[in-house]
Amino acid sequence: MARPARDGGDVAWQDAGQRLTHAEVAATPPVTGRVLVRPSAPWETVRDAVVGPLLGGGSAVVVAGAADDARLARIRASERCVE
């Protein structure tokens with residue numbers, strides 16, 4: 001069964017704090033390398049860990065839980081993160 005085409009103005013993301021259209025989500029800057037992401041607010045986490053890398057052919061390493069700066073630096077280096 002075919003789905004109807006989406007318009008750029010249709011809602012793509014909505015949570016308690018914001019509402020974004022498909023066009024706004026598609027305007028996310030593409031990420032071409034591997035980035036380290038610390039979960040934060042829902043949209044920012046999805047944008048940084050999924051949408052940006054998906055648009056740019058990059059990837060993300062998501063680090064949840066307690067991690068001090070030294071541990072994050074080790075993870076960033078071992079995973080070869082660009083950011």
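Only the coordinates and a few stated rules stand behind these numbers; no lab work does. Since we're looking at a predicted model, the values are computed, not measured. No Cβ is skipped: glycine too gets one built from the backbone with ideal geometry, and neighbour counts run over all protein chains shown.
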- Note on the structure: Condition set β-branched (Val, Ile, Thr) and assigned to a strand (DSSP E or B), scope segment 11-52, selection surrounded by the fewest Cβ atoms within 10 Å (Cβ to Cβ): answer is VAL11
- Message: Condition first: of a type in the set (D, E, K, R) and in a helix (DSSP H, G or I). Now tell me which residues in segment 53-83 satisfy that.
- Response: ASP69, ARG71, ARG74, ARG76
- Item | Selected residue [within 27 Å of GLY9 (Cα to Cα) and either of a type in the set (Asp, Glu) or touching a Cys at 6+ places or on another chain (Cβ under 9 Å) (or both)] from ASP68, ASP48 | ASP48
- Restricted to segment 30-52 and to residues being free of Cβ contacts under 8 Å to residues at least 24 places away in the same chain and not basic (Lys, Arg), the residue farthest from ALA67 (Cα to Cα) is VAL50
